[in-house]
Amino acid sequence: MKTSLARLFAYMVREKKTLASFLIVSVTGIAASMLVPWVVRDMVNYIISLIGTGNFNLSIMIFYASALVSLFVASGFLEFLDRYFSELLSQKVIFRLRVDLYSHLQDLSYGFYDKIDTGQIILRTTGDMDTIGRFIGFSFSRLIHSILTFIIAITILLSINAELTVIAFIILPLLTFVVIVFNRKIAPILEEQWTVFSRFNTVIKEYITGMRVVKALGLEPVFRDNYMDKADRVYDLRVSFAKFASFMWPSIGLLSGIASVLVYVYGGFKVISHTLSLGDLVAFITYLSMLNRPIISFGFFIINYKRAMVSASKIFEVLDAEPEVREEPEAIELREVKGAIEFRNVTFGYVEEKPVLKGISFKIRPGEKVAIVGGTGSGKSTILKLIPRFYDPWSGQVLIDGIDVRKVKLSSLRRHIGIVHQDVFIFSGTIKDNIAYGKPNAKMDEIIEAARIAGIHDFISQLPRGYETPVAERGITLSGGQRQRIAIARAILMNPEILLLDDPTSNLDAETEARVVEALKKLIEDRTAIIVTQRLSTLKLADRILVLDKGEIVEDGTHEELLSKGGVYARLYMSQFAHQEALLAREV
Amino acid sequence: MAHPPHIHRYITMEEKGRPRESTIKLIQRLLSLIVRYKLRLSILLISASLSIILNLYTPYIGRLLIDQGIMAANVDNMIRYGILLASIAFTGWCAGVSRFYMLSWITQKLLYDLRKLMFEKSMQLDYGYFSSIEPGQIISRFTNDVDTVGETATSGLLDTLFNSFTIIGAIIAMLSINWKLTIAVFFMMPLIIFTVITIAERSRAAYRVVRSKVGELTSKVEESISGIREAQSYSERRRIDVESFSRIGLEVMQANIRATKVIGLMNPLMNLIRGGAIAIIIVYGGYLVSIGEATIGSLVAFYSYLEMFFGPITMVALFYNTFQSALAAAERIFDFIDAKPSVVEASDAIDLEIEKGEITLEDVYFSYDNTPVFQDFNLRIKPGEILAVVGPTGAGKTTLANLILRLYDPQKGRITVDGVDIRKIKISSLRRQTALVPQEPILFEDTVIGNIRYGRPDASDEEITEAIRRLGLEELIERLPEGLYTRVTEGGANLSVGQRQLINIARALIRNPKIVVLDEATSSVDPYTESLIQKALKKLLENRTCIIIAHRLSTTFLADRVIVLENGRIVEEGSHIDLLRMGGVYAKLYEAQLGEAVKAIRMASG
C-alpha cells in the first residue's frame, strides 16, 4: 500500500502542464527577486563613488531606478502567476479527488453506510478536501519556494563573500533549531485543539437544539460542567500555543538581527580594509534577510503536512473501501423478467455471528402479492434488501426467475425492481424531477400519467407552478402522504416487474393512509409484490402472508387461514390493536 | 515582501450585515471588556510601545553604523554601534515575546470570559427566548461570533492601534531623515490606499461566490448520502448524480481560481507602487547624496522605514474593510448578553416538596405576540390524575404543557402546584420534581446509560438497570451492540426511533418525578416496540400527576380524563369512553385516526 503522500503526489503529477508551469514560474520568479539586491549593490557602489563630487549623472541613476522598478514589476507579475498556478494545481487535484470520492461513494453498498455516519462522509468531501487544498496550494508551493530560495541565496552569498557566509551561518543552525523545537511542541497542541474544539461545538449544538428538554429537566448545570470543561481545555490549549508562538516570532527576529549585526561588524572591517565594497555588504545583508521567510514557511509546512496527511488518509480510506456487493465479471444482462422470486436457505446478518435471517426458504410466483409481518428485528425489511442485492446473503441463494441474483449485472437487476420505502427521500429540485428521479429522460405525459395513477396529480396541478414547483430544502414541504405518493409515481414510471414495499404507510394518519393504499393497489397490479407492513390496510393488499419470528418463517398462508389458526400471527395482530378493546367492546 | 499572515482571513471572513448601534458605542463596549485585564493590558501596551520604538530605532543606528563607522573607517564606532544594535535586538526580543504573549492571552481570556458569560446567560434565559430564534443562529453566536469578536474585533483593534503607531513613527522618522524625500515618496499614498481597498472589496465579492458554491457542493453531498439508499435503487442515477456533482465541483474550482486572480493582484500592485517609491529614493536620493545633502547611510535607513510603513498600511486598510462586520458580530453577542429573561425566579422563592401533585390553572392569560392562546383559562388536575389533552394543531396543547412546566409564565392569572403559585417556587426545586418526555426524542452524544442518567445525574448504574428492568426493556438493551454502554452517535442516529423514545421514557422515570408531561410521539414504530412503549409508559405514569399531549390519540386510553382544546378553550371533557359515547369532537377525531383499523378489526372478528 502506497503512502497517502505518494498517492496525493500521483494526483499532482497527473496535472503535468499545471505542475510544470508552476515550477517554471517559481524558479523564474525567485531568480527575478534575487536580482534586486544585485542591482542595489551596484547602485550603492555607484552612489558612494559620487559622494562629495557633485557629479550627478541623471541618466545612470534613471537606469538603475528603472532596472529596479522593472525587476519589481517582473517579480510581482511572476508571483501572481506563481500563486495562480499553485491554486490551479490544488483546485484541479481537489476536483479530481472529489469526483473520484463521490463516484466511489455511489458504488459502496449498504453495509458501508450502516457503519459510517453521514457527517463523517460530508466532512471528507468538504473539510478534509480544504485541508488538502491548502496543503497543495499553499504549503507545498511554499516548500518548493523555500528550497529554491535557499539554494539560490546560499549560492549568491558564497559568491559575494565566503567568509561572511560562514559568519552568518553560525546563526543558521540556531534558527533551524528554534523552528524545529517550536514545531515539535506545537504540533500535538494543535492536534488536540482541533479535536477539543470540535467536541466543544458538538456540546453547544446539542445544548441549543435540545433546549426544551434541557430547560424542562433542569439540565443546565450538567451542560455547564461539560461546556466549561471543554471551554477550559480550549483556553488552556490556546494559551499554551500562544506561549510557544510568542517565543517563536521574536526569536526568529532576534537571531536574524544578530546575524546581520555580526555581518555588519565583520563586513565593516572588510570594507574599511578595502577587501569588500559597501554595496556588497548591503547586498549580502539583503540576501541574508531573504532567508527568514523560507525558514518560517518550512516550520509551517511541517504542521500543515501532518494535518493534510491525516485528511488524505481519511479520504483514501473511503476510496479503498471495497463495495461488499460486487458484480461478477461474467455477470449477465437480465432482459425479460416474469417476476418469480425464490429464497433458498438464506442466512444473513449485519453483525458477525448474529444472523438475522436463519436459513429462510420461500417461493413467490410471478404476479403474486405477499406480505411479510413480524416483530422488531424479526428480519422483515432485511428480506427486501437482499433481493436488489443491497446486501449479499452469508449463505444460500436469492433467485429471480430461477437465476441467482449474483449472476446478474447490478444495474440490470435493479432496473426490474421498484422499491417504496418507509421514509421517502425527497431530493431538492422540482416535483417533476422527483417523480422522474429513476427515469430522468421520461416525457412529461408519462410523468403526469404516473402522478395520476399515484393519485397525486390533482394536488400537483393546483399548485401555482404545478410540476415545476420546487421541493425539499428550497421549496415547499410535502406531507408524509404526498411523499409516499411521489414515491409511488416514481415506481410506476419505472414500470418494474417486481415491487418491494417497505412499510410504506407506517408514518401516515388513517385518512391519508386510505388514499395511499388506493395508489399502492394500482401500483402493484400485474406485478410481483412483497410488502413488509405493520398496517392492516396494507396487509390487505396481499394474497398471502409470511410471518417471521426471530429470523425464521413460522407461518405462511392467507389472512383468514392464519387468523383462525390462532398462532403467532393472530397474537401479533391482536396486540397491535389491544388498546382498542374498550372501544370494540362498546360497539360489538 | 510577505503577506501579513491574517490578510487572507480579513478578506475571506464571512460577512453578516452591519451593526445598528454606532461604531463608537460598540468599540467603547469592546474596550470595556478588555480594560478588565488591567495588568496584562498595561504590560501589553508598554511592551508593544517598546518594541515599536526599538523597531523604529534600529535603522537609525544602522545608519550611524554605516556613516560614522564603516564610511568614516572608525572601528570604535563600528563596534559600539554593533553592540548597540545587538542589545536593541535583544531588548526588542523581550518586548516582542511579551507583546505577542499578552495579546494572545488577552484574546483567549476574553474569548473564555465571553463564552462563560454567554453560557450563564443561556441558563437564565427562558425557553421562550430560544424558541423565538432559530437554533442555528444561536449556535453561530456561541461559535463564530465569539471567535470573530475575540480575534477580529478586539485583537484586530489592538493590532491596528499598534500598526498605526508604527506607521506614524515611520513617517516621523522619514521626515526627520529627509523631509524632501518623504514628501516626494508620499505622493504614492492615495494610490496605496485605493489599491488595497479596491482589491479587498473585489476579492470579498469573489469569496462570497466561493462560499455559496461550496455550500451548493455540501448540500449536494449531504443529499446524495442521505438519499443513497433511494439512489442505488435506480440504476440510472449514478451517471446523472456524478455528472451533476462534477459540474458543481467544477464551479467551485472556477470560483476559487477567480478569487485567487483578484487577491493575487494585491502583491504585484503593491510591489509596483513600492517600486515607484524606491525609484524616487534612488533618483532623488542619489542626487541628494551627490550634492552632499544626504548620506548613504540615511538612504539605507530611509529605505528601511519605507518598508516598515508598507506592511502595516496594508493591514490597516484591510482591517477597516472587515471591522464593520466584526462589530455586527459583537453586537449580536451583546444583544444576547443583554436579553431579559421573562421567566425569573422570585427572590423569596421557596423549596417545595410536592406532596400531592395537584395542579391548577386560574384565569390564565397567555399570548406569544398579542394574539392570546389562552384567555381566562381554568383547569384543575387532581393529585395522581392522568390528563390527556387533545385538539387540532394550534389549539394550545403544547403551550399548556410549557406553562405547567414553567417554560413560559402566563401574562395574567396563576398556576399552582399543591396550592403554591409556581412563580413562588425555586425553579430548580420545581424542575427536580417534574419530567418531560418530548415528542421528538432527544439523544445526546454519550452512552445509552449516560443518556438515561441525564434524567438524574447522581443516579447509580444499579438504579438505572433497575429502572430498565421495571420498564421491561432488558431485552431491548441487550440487543444493542454494547448494551447499556453502547455509544449514541449524534442525534441518536444509530438507534431506531422506538429505541430513542424508550431511552427518553427511562430518562424521565429515573427522575422519579411527581409530575410528568408526556408529549406523545408522532412517528409510529413496529407493533412489538409499540407494545414495549405502551408498557413502559404505563409504568412511568403510575402514581404521578400526568399531562399527556395526545397528537395521535394512541395513549388517551391510559388517561383518567381527556380534555379537548380548541382555540385555547376546553370544548369537551370526560373519560375516553364517555367522550366516545358522546359522539362529539373527540369521537370524530378518534374515528378519523383509528377508524380504518377499528373497521378492519370488526370485520375480522365478525
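The values are calculated or read from the model by the stated rules, or taken from the named source; none is laboratory data. What you are looking at is a predicted structure, and each value in this text was computed from that prediction instead of being measured. With ideal geometry, Cβ positions are generated from the backbone for all residues, glycine too; neighbour counts draw on all protein chains shown. Please note that ligands, DNA and RNA were not included when accessible areas were found on the heavy atoms of the full protein model with its side chains. Shrake-Rupley method; radii C 1.70, N 1.55, O 1.52, S 1.80 Å.
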- Message: Apply the a/c threshold of 1.5 to the C-alpha gyration tensor of the protein assembly as shown and tell me whether it is rounded, prolate or oblate.
- Response: prolate
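Filter A:K540/B:K539; A:K92/A:K443; A:K16/B:K213; A:K215/B:K397; A:K230/B:K535; A:K215/B:K412 down to the pairs with a C-alpha to C-alpha distance above 29 Å, please.
On the way: A:K540/B:K539 34 Å; A:K92/A:K443 37 Å; A:K16/B:K213 27 Å; A:K215/B:K397 18 Å; A:K230/B:K535 39 Å; A:K215/B:K412 22 Å.
Check vs 29 Å cut-off fails for A:K540/B:K539; A:K92/A:K443; A:K230/B:K535.
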- Item | Interchain or long-range residues, amide H under 5 Å from A:G374's placed H | A:L548
- Task: Go through B:406-412, A:10-16 and give me the packing order, highest mean Cβ count within 10 Å leading.
- Result: B:406-412, A:10-16
- Message: On a straight-distance basis, which lysines could pair with A:K409 in a cross-link, Cα separation under 21 angstrom, same-chain partners fewer than 8 positions away excluded?
- Response: A:K338, A:K385, A:K439
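Taking 0.36 nm per residue of sequence separation and subtracting the Cα-Cα distance, how much length would be gained by fully extending the chain between A:N345 and A:Q397, in nm to one decimal?
Numbers: separation 52, 0.36 × 52 = 18.72 nm, distance 0.68 nm.
Length gained, A:N345 through A:Q397: 18.0 nm.
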- In whole Hz, with x marking every Gly and Pro, tabulate ³J(HN,Hα) for the stretch B:28-40 from phi via Karplus 6.51 cos²θ - 1.76 cosθ + 1.60, θ = phi - 60°. 4, 5, 4, 5, 4, 5, 8, 4, 4, 8, 3, 4, 4
- Task: Any chance you could run the full-extension gain for A:R326 through A:V27? It's 0.36 nm times the residue separation minus the Cα-Cα distance, nm to one decimal.
- Result: 102.8 nm
- Task: Starting from the amide H of B:G357, placed 1.01 Å from N in the peptide plane, find each other amide H under 5 Å away whose residue is 5 or more places distant or on another chain.
- Result: B:D418
- Note on the structure: Residues hit by the 50 Å² burial cutoff in the stretch B:65-102, accessible area with a 1.4 Å probe, assembly against chain on its own, are B:I70, B:M71, B:M78, B:W93, B:V97, B:F100, B:Y101
- Could you pull the accessible area for A:D502 with a 1.4 Å probe, rounded to 10 Å²? 20 Å²
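Assign one of three labels to the stretch A:216-341, namely rounded, prolate or oblate, based on the Cα gyration tensor with a ≥ b ≥ c the square roots of its eigenvalues; rounded applies when a/c is under 1.5, prolate when it is not and a/b is larger than b/c, and oblate otherwise.
Numbers: a/c = 7.71, a/b = 1.85, b/c = 4.17.
In terms of gyration-tensor shape, oblate.
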- Where does helix B:237-264 land angle-wise versus the long Cα axis of chain B, in degrees 0 to 90, nearest 10? 30 degrees
- Got a sec? What order do B:M315, B:M123 fall in by accessible area at 1.4 Å, biggest, i.e. largest, first? B:M123, B:M315
- Degrees between helix B:585-605 axis and first principal axis of chain B (Cα, 0 to 90, nearest 10): 60 degrees
- In Å², rounded to the nearest 100, what is the total accessible surface buried by chains A and B against each other with a 1.4 Å probe? 13600 Å²
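What ranking, highest mean first, results for peptides B:291-299, B:91-99 when packing means the other Cβ atoms within 10 Å averaged over each residue?
Details: B:291-299: 19.1, B:91-99: 21.0.
The most tightly packed comes first, giving B:91-99, B:291-299.
To the nearest 0.05, what FRET efficiency results for A:W194 and B:I350 with a Förster distance of 56 Å applied to their C-beta separation?
Values: r = 47 Å, r/R0 = 0.85.
Efficiency computed from Cβ-Cβ geometry: 0.75.
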- Query: Using a probe of 1.4 angstrom, how much of the accessible area of the protein assembly as shown is carbon and sulfur, in percent?
  - Reply: 57 percent
- Task: Could you name the lysines whose alpha carbon sits less than 16 Å from that of A:K2, not counting residues in the same chain fewer than 8 places away?
- Result: A:K314
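Given axes a ≥ b ≥ c from the Cα gyration tensor, I'd like to know whether the stretch B:149-275 is rounded (a/c under 1.5), prolate (a/b larger than b/c) or oblate. Let's see the in-between values first.
Numbers: a/c = 6.52, a/b = 2.85, b/c = 2.29.
The shape class here is prolate.
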- Query: In peptide B:450-461, how many Cβ atoms from other protein chains are near each Cβ within 10 Å, on average?
  - Reply: 1
- Whose amide H sits under 5 Å from the amide H of A:E555, counting only residues 5 or more places off or on another chain, with H placed in the peptide plane? A:V547
- Item | Between helix B:527-541 and chain B: long-axis angle, C-alpha atoms, 0 to 90°, nearest 10 | 90 degrees
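Using DSSP to define loop residues, name the GluC sites (Glu not before Pro) in the stretch B:311-411 whose beta-carbon has at most 14 other beta-carbon atoms within 10 Å. Let's see the in-between values first.
Details: sites: B:E331, B:E345, B:E353, B:E355, B:E358, B:E362, B:E385; in loops: B:E345, B:E353, B:E355, B:E358, B:E385.
Qualifying residues, ordered by number: B:E353, B:E355.
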- Message: Between the stretch A:173-217 and the stretch B:152-220, what is the separation of their alpha carbon centroids in Å?
- Response: 31 Å
- Considering every residue in B:130-138, what mean count of other chain Cβ atoms within 10 Å of its Cβ is obtained? 3
- Message: Rounded to whole Å, give me the distance from the Cα center of the stretch A:406-453 to that of the stretch B:381-441.
- Response: 47 Å
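Give me the net charge for the shell around A:A312: Cβ to Cβ below 9 angstrom, other residues only, Lys and Arg +1, Asp and Glu -1. List each step's numbers first, then the result.
Numbers: positive: A:R7, A:K314; negative: A:D128.
It works out to a net charge of +1.
From other protein chains only, count the Cβ atoms within 10 Å of every residue's Cβ in B:502-508, then give the mean. Could the numbers behind the result be given before it?
Numbers: counts 0, 0, 1, 0, 0, 2, 3.
Counting Cβ atoms of other protein chains within 10 Å of each residue's Cβ and averaging gives 1.
May I ask you to rank B:T143, A:T155 by accessible area, largest first, using a 1.4 Å probe over the protein chains only? Write down the numbers at each step before the final one.
Numbers: B:T143 20, A:T155 85 Å².
My answer, sorted largest first, is A:T155, B:T143.
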- Message: So, R0 is 45 Å and r is the distance between the beta-carbons of A:F362 and B:S131; what FRET efficiency does that work out to, to 0.05?
- Response: 0.30
